[in-house]
Amino acid sequence: MIVEMRKKASQKEIDNVVHRAKSLGFSVQLNVGTDKTVIAILGSNTGQISTDIFAVFPGVDSVTRIMKPYKLASREFKPDRTIVKVGNLEIGAGRLIIMAGPCAVESKKQLEEATRIVKNAGASVLRGGAFKPRSSPFSFQGLEKTGLEYLVEVKKKYDIPVVTEVVDPHQVELVAQYADILQVGTRNMQNFSLLTEIGRIKHPVILKRGLANTVTEWLTAADYLLAGGNESVILCERGIRTFEDSTRFSIDISSIPVVKKFSHLPIIVDPSHAAGHYSLVPALARAAIAAGADGLLIEVHPNPKEALVDGLQSLTPSDFRRLMGELKLIAEALGRSL
Ligand code: PEP
Ligand code: MN
């Protein structure tokens with residue numbers, strides 16, 4: 001249930017509503033906007049109480065029920081767009097944010113080369129997995145803690161923030177000590193204990209869409225992060241499983257305007273895992289930007305032929321540079337910047 005306070009509602013009036021909701025056993029989340037406060041009243045049985053319970057309070061403008069399963073990720077709760085700040089970077093503020101780098105951290109040399117390449121080409125975040133959630137237990141699982149250490153070394157040397165995946169709720173604190181942005185992979189979108197832990201530590205996080213999940217399920221999963229008080233949530237469309245098998249996954253371009261319509265959260269797109277093949281990545285990347293994505297997450301490897309993971313879908317340095325030039329043109333044509 002959403003209680004919209006009047007523009008000039010006093011703190012006391014807001015507190016009274018919060019107090020009443022808590023006395024009924026509900027939890028509350030506040031969206032303190034520039035001109036008014038919105039209070040989300042959360043609980044499994046808010047449907048059983050009358051909206052009048054809150055509508056009668058002084059300072060209350062309106063009380064509505066959110067009929068969708070997600071609440072905090074909805075625009076009803078927060079009409080203004082969320083801008084996620086990572087150091088000086090702003091994700092969702094208009095300028096396109098390109099995150100690029102190898103699928104996995106493989107060695108110090110590989111990571112250094114990749115960082116130099118993507119930074120010189122204009123990427124503003126370095127990606128690289130230290131913990132890899134592989135479909136087979138016999139595949140390379142990542143360098144783990146050593147990989148995190150390499151990420152921090154290059155982050156400092158090249159002055160670029162890093163994003164890396166966390167797969168285990170018990171490692172959230174550890175990974176957050178190294179990474180500027182945590183990544184929740186597609187296979188963990190509904191790993192609720194992982195989401196709850198990341199919600200608790202309030203670290204910027206990319207929530208990838210589950211490979212067989214609807215946008216509604218994705219936004220409902222985002223509520224786990226937001227419910228803990230973590231407002232720095234970035235969504236990432238990475239392709240879903242359909243009957244089409246000419247690509248690794250089917251990129252759902254519609255999810256970009258759909259998310260923009262129903263949620264305040266920024267959305268980026270990973271064209272690499274959707275395409276599965278380097279030759280298809282640039283077209284999907286261009287389409288995502290044209291459709292309004294706030295940025296991209298792209299796999300780039302100094303030498304894709306030698307990659308331990310996802311070499312086939314990784315761009316070469318020259319392909320990445322060319323793509324960045326094309327993206328700049330598209331961004332400018334749409335009145336945005338790169
Ligand atoms: C990745 O980004 O390398 C990755 C494993 O992605 P996803 O979770 O989308 O498969
Ligand atoms: Mn990958």
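The values are calculated or read from the model by the stated rules, or taken from the named source; none is laboratory data. Since the structure is predicted, the reported quantities are computational estimates derived from the model, not experimental observations. No Cβ is skipped: glycine too gets one built from the backbone with ideal geometry, and neighbour counts run over all protein chains shown. Protein only, heavy atoms only, side chains kept; ligands, DNA and RNA dropped before computing areas. Shrake-Rupley method; radii C 1.70, N 1.55, O 1.52, S 1.80 Å.
Some points to look at:
- In region 259-278, the residues that are within 17 Å of Lys208 (Cβ to Cβ) and either surrounded by fewer than 18 Cβ atoms within 10 Å (Cβ to Cβ) or in contact with a strand residue (DSSP E or B) (Cβ under 6 Å, 6 or more places away or on another chain) (or both): Val259, Leu265, Pro266, Ile267, Ile268, Val269, Asp270, Ser272, Gly276
- Checking each residue in region 286-305 for being in a helix (DSSP H, G or I) and more than 15 Å from ligand 2 (Cβ to nearest atom) picks out Arg286, Ala287, Ala288, Ile289, Ala290, Lys305.
- Filter result (closer than 17 Å to Met189 by Cα, away from ligand 2 (no atom under 16 Å from the Cβ) and assigned to a loop (DSSP other than H, G, I, E, B)) within region 125-175: Asp168
- Just one of the listed residues (Val154, Val205, Val162) is more than 12 Å from ligand 1 (Cβ to nearest atom) and in contact with a Ser or Thr (Cβ under 6 Å, 6 or more places away or on another chain), namely Val154.
- Residues within region 134-151 that are aromatic (Phe, Trp, Tyr), crowded, with 21+ Cβ neighbours inside 10 Å and within 13 Å of ligand 1 (Cβ to nearest atom), tallied: 0
- Looking only at region 184-213, and only at residues there that are in contact (Cβ under 8 Å) with a residue 40 or more places away in the chain and touching a strand residue (DSSP E or B) at 6+ places or on another chain (Cβ under 7 Å), the one that is farthest from ligand 2 (Cβ to nearest atom): Pro204
- Considering the conditions (1) within 16 Å of ligand 2 (Cβ to nearest atom); (2) in contact (Cβ under 8 Å) with a residue 60 or more places away in the chain, His264 is excluded by exactly one of them, (1).
- Evaluated against (1) under 15 Å from Ala179 (Cα atoms); (2) open to solvent by 50 Å² or more (accessible area, probe 1.4 Å); (3) part of a helix (DSSP H, G or I), Lys109 falls short on exactly one condition, (1).
- For region 223-238, the criterion of being assigned to a loop (DSSP other than H, G, I, E, B), under 29 Å from Thr115 (Cα atoms) and within 16 Å of ligand 2 (Cβ to nearest atom) is met by at least one residue.
- In region 181-202, the residues that are out of contact with any helix residue (DSSP H, G or I) (no Cβ under 8 Å at 6 or more places or on another chain), open to solvent by 30 Å² or more (accessible area, probe 1.4 Å) and within 12 Å of ligand 1 (Cβ to nearest atom): Arg187
- Considering residues of region 306-328 that are closer than 23 Å to Thr186 by Cβ, among the aliphatic types (A, V, I, L, M) and open to solvent by less than 40 Å² (accessible area, probe 1.4 Å) only, the residue nearest to ligand 2 (Cβ to nearest atom): Val309
- Verdict on Ser232 being touching a residue at least 12 places away in the same chain (Cβ under 8 Å), open to solvent by 10 Å² or more (accessible area, probe 1.4 Å) and on the phi < 0 side of the Ramachandran plot: yes
- Checking each residue in region 9-52 for being of a type in the set (A, V, I, L, M, F, W, C), in a loop (DSSP other than H, G, I, E, B) and open to solvent by less than 40 Å² (accessible area, probe 1.4 Å) picks out Ala9, Phe26, Ile49.
- Residue check, Phe131 within 13 Å of ligand 1 (Cβ to nearest atom), open to solvent by 10 Å² or more (accessible area, probe 1.4 Å) and modelled with pLDDT under 95: no
- The number of residues in region 272-287 being hydrophobic (A, V, I, L, M, F, W, C) and touching a Gly at 6+ places or on another chain (Cβ under 9 Å) comes to 3.
- Contact map, region 129-148: residues that are more than 15 Å from Leu182 (Cβ to Cβ) and in contact (Cβ under 8 Å) with a residue 40 or more places away in the chain paired with residues that are within 11 Å of ligand 2 (Cβ to nearest atom) and open to solvent by 40 Å² or more (accessible area, probe 1.4 Å), Cβ distance under 6 Å, separation 6+ or inter-chain. Pairs shown: Phe140/Leu308.
- Test: residue in region 111-119 that is within 13 Å of ligand 1 (Cβ to nearest atom), at pLDDT 95 or above and not β-branched (Val, Ile, Thr): no
- Verdict on Lys71 being under 29 Å from the mean Cα position of the chain (by Cα) and open to solvent by 50 Å² or more (accessible area, probe 1.4 Å): yes
- Which listed residue is within 16 Å of ligand 1 (Cβ to nearest atom) and polar (S, T, N, Q), from Ser272, Ser279: Ser272
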